[in-house]
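Okay, structure first, notes after.
The values are calculated or read from the model by the stated rules, or taken from the named source; none is laboratory data. Predicted model only: the values in this text are computed from it and were never measured. When we count neighbours, we look across all protein chains shown, and the Cβ atoms used for this are built from the backbone with ideal geometry, even at glycine.
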Amino acid sequence: MGVPVAKDEIAYLGSDTVYEGKLSFKGTVRIEGRFTGEIVSDGTLNVGKDARVQGTLTVGELLLSGHFSGDVTAKRRVVVYTSGILEGTVQTPSLLTEEGGVIEGQISMRNPGKPSKNADG
């Protein structure tokens, strides 16, 4: 029998970390190093100021202070902080960009829980 893992346990990939592949997790993960590949989670991905992430993200929430290049699908929201740079496509129901944050690419904001309005009002 293994050690139990708390549902909200936080994992941390430090600044000297270089990872390539597929990552899936529950809770929150913070990346400070370099990651290339695919990340899948209903949790929160926190990309630190000096981090560089490239690939495909399907997450509950993305908090971006570093550099991301690729495709993002976030179920809840994407936050691009002042030092954040996002290059690629973003699909999320909620997007917040602080002054100084950069987004270059295509953005699609659809909230699946909210009915769309028709032209008749």
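Has region 98-109 got any residue that is more than 21 Å from Asp16 (Cβ to Cβ) and at pLDDT below 95? Lay out the reasoning, then the answer.
Filtering region 98-109 for residues more than 21 Å from Asp16 (Cβ to Cβ) gives 98-109.
Those left that are additionally at pLDDT below 95: 109.
Checked region 98-109: at least one residue is more than 21 Å from Asp16 (Cβ to Cβ) and at pLDDT below 95.
May I ask you to verify whether Tyr12 is surrounded by fewer than 17 Cβ atoms within 10 Å (Cβ to Cβ), touching a Leu at 6+ places or on another chain (Cβ under 8 Å) and among the aromatic types (Phe, Trp, Tyr)?
no
Every residue, every condition in (1) surrounded by fewer than 17 Cβ atoms within 10 Å (Cβ to Cβ); (2) under 10 Å from the mean Cα position of the chain (by Cα); (3) modelled with pLDDT under 95, yes or no:
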{"residue": "Gly2", "(1), (2), (3)": "yes, no, yes"}
{"residue": "Lys22", "(1), (2), (3)": "yes, no, no"}
{"residue": "Thr36", "(1), (2), (3)": "yes, no, no"}
{"residue": "Val40", "(1), (2), (3)": "yes, yes, no"}
{"residue": "Val53", "(1), (2), (3)": "no, yes, no"}
{"residue": "Thr56", "(1), (2), (3)": "yes, yes, no"}
{"residue": "Leu64", "(1), (2), (3)": "no, yes, no"}
{"residue": "Val72", "(1), (2), (3)": "no, yes, no"}
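Considering region 4-20 alone, what residues qualify as being within 19 Å of Gly84 (Cα to Cα), among the small types (Gly, Ala, Ser) and at pLDDT below 90?
Selection gives Gly14 alone.
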